[in-house]
Amino acid sequence: MKKRIHILFILVLLLGVNTQAQQTPASKQTEAISITGATAHIGDGSIIKNATLVFENGKITAIGEASTPTKGKIINANGKHIYPGFIAPNKTLGLIEVNAVRASNDQDEIGDIIPHVRSIIAYNAESKVVESMRPNGVLLGQITPSGGRISGTSSIVQFDAWNWEDASVKVDDGIHLNWPNSFRRGRWWLGEPRGFQPNKNYQSQIEEVVSFMKNSMAYGKTKAKEHNPAYAAMQGLFNGEQKLYVYADGEKEIIDAVTTLKSAGAKHLVLVGGYHAYKITDFLKEHNIPVLVGFTHQLPNFNDDDYDLPYKLPKLLVDAGLLVGLQNNGASNFQTRNLPFYAGQVVGQGLAKEKALQLITGNTAKILGIDASYGTLAVGKSATLFISEGDALDMRGNQLSHAFIDGRTLSLETHQTELWKRYMGKYNSGQ
């Protein structure tokens, strides 16, 4: 009898887990789809009013004015808007589900310099957090490890898959380096003065990074008897196959990072954060450094900063002629769904709406190196796009009716939408 009870208990648990699972990934596109009548926001700064967009076998085959011939199933989107799928760079989505549950946390590994740690291996394609991105149009992301000096290697995925192999868009796209700070906060618990203090170890920490990079380059030029996974993982930085994402905010740190790392052999650098990058835009333009700037909904870092600096920083960098993408490192993974509204906030600072859209579409795709297939609406590119009832950069208009990844029709149901329907039903019933 006890054995039967145990078996029944296990079955109930399994049933409960199954009902809480992610929406089943969409099937491969089997017929052509034409979207008519909508305003198409291309993602390169341009729009097409009353557009017709056709895609087949996962690729866009035609896009133009209303006279463009249609094919297959027709979706009437009169008065609505078409957007390329939004891209969320530099996130630990799928690497951590519940912060308080250690077993669900794979965002950081033991070690300070671990470029050979690959985030894609730990990516959970069935994460409820990942699935909650889609109803706001966030359809792709760069899955990035965190912690240490060199955190590891990121990969880019699409957000509708059974597993990480199916999700992969670009595997091992870059390595992430947290540049040392020349100042640090005083550790009051050790008797140090409060506030910012010079980092006496700043130079030695830089030398540690340079030494590791030089050893990695030397390793790649010789036939080592023993395989060194950390050195081997760095080789893509020297031959241009991978990008080095450098996290730095201060003027000195940014200048030191760019000059030092380029001298050490890194071919392609991307600045992540760049809080004071607006002060040295000529330097960044000279070295062709794109910036993944921080999200707008935060307070200034220093007392003497403009009160609205985080809100207008993306515009300052765009106006200076830099290639800029928007990321929200430091915010909760759940808040990644607000990415379009961070871009919308920059519109409130005076940036043209289509340029703000580029911060999370075309520009980000270029920075991540996936612009040949994603980021803009163009013939030959992936049909990763969505239809919104209104302005997708405004939470009042960001109401999706359809979404597609590689032409596959997505479910927009998530754990959050189920809860919303449940409790709205209770509210409307007056109970």
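Observations
- Residues whose placed amide H lies under 5 Å from that of Asn124, excluding near-sequence neighbours: Leu95
- Pairs beyond 27 Å (Cα-Cα), from Lys279/Lys366; Lys381/Lys421; Lys91/Lys243: Lys381/Lys421
- DSSP beta bridges in the stretch 20-83 [antiparallel fraction, %, rounded to 5]: 65
- q = 0.17 Å⁻¹: log10 I(q)/I(0) that the Debye formula gives for the stretch 20-83, counting C-alpha atoms only: -0.60
- Theoretical FRET efficiency, 1/(1+(r/R0)^6), r = Cβ-Cβ of Thr259 and Tyr423, R0 41 Å, to 0.05: 0.15
- For the chain, modelled as a GNM whose springs connect Cα atoms under 10 angstrom apart, the maximal fluctuation among Ile254, Ile120, Ile48 occurs at Ile48.
- Rg over Rh [alpha-carbon atoms, Kirkwood Rh] for the chain: 1.00
- Take the Cβ atoms of Glu389 and Ser46, set R0 to 25 Å, and the FRET efficiency comes out at 0.70.
- Taking every protein chain into account, the 1.4 Å probe leaves Arg422 with about 150 Å² of accessible area, to the nearest ten.
- Heavy atoms of Ser211: accessible area, 1.4 Å probe, square angstrom to 10: 60
- Surface composition of the stretch 340-431: carbon and sulfur atoms hold 52% of the protein heavy-atom accessible area at a 1.4 Å probe.
- Antiparallel DSSP beta bridges within the chain, as percent of all bridges there, nearest 5: 55
- Computed log10 I(q)/I(0) for the stretch 167-296 at 0.12, 0.13 Å⁻¹: -0.55, -0.63, from the Debye equation with unit scatterers placed on every C-alpha and solvent omitted.
- Rounded to the nearest 20 debye, dipole of the stretch 86-374 from Cβ charges on Lys, Arg, Asp, Glu: 320
- Rounded Å value of the spacing that divides the Cα centres of the stretch 343-411 and the stretch 263-334: 20
- Linear extension gain, Val379 paired with Tyr307, 0.36 nm per residue minus alpha-carbon span: 21.6 nm
- In this structure the amide hydrogen of Gln197, modeled in the peptide plane, comes within under 5 Å of the amide hydrogens of Arg184, Arg185, Gly186, none closer than 5 places in sequence on its chain.
- Listed values for the stretch 170-176 are Karplus-derived 3J(HN,Hα) couplings in whole Hz (6.51 cos²θ - 1.76 cosθ + 1.60, θ = phi - 60°), namely 8, 8, 6, 6, x, 10, 10, and x replaces Gly and Pro.
- Ranking by accessible area, most exposed first, for Asp371, Asp304, Asp391, Asp173 with a 1.4 Å probe: Asp304, Asp371, Asp391, Asp173
- Note that the chain presents 48 Å² accessible area per residue, ligands and nucleic acids not counted, probe 1.4 Å.
- With DNA, RNA and ligands ignored, accessible area of Thr39 (1.4 Å probe; Å², nearest 10): 30
The values are calculated or read from the model by the stated rules, or taken from the named source; none is laboratory data. Since the model is a prediction, treat every value here as computed from it, not as a measurement. For neighbour counting, all protein chains shown are included, and Cβ atoms are generated from backbone atoms with ideal geometry for every residue, glycine included. Keep in mind that these areas ignore ligands, DNA and RNA; they rest on the heavy atoms of the full protein, side chains included. Shrake-Rupley method; radii C 1.70, N 1.55, O 1.52, S 1.80 Å.
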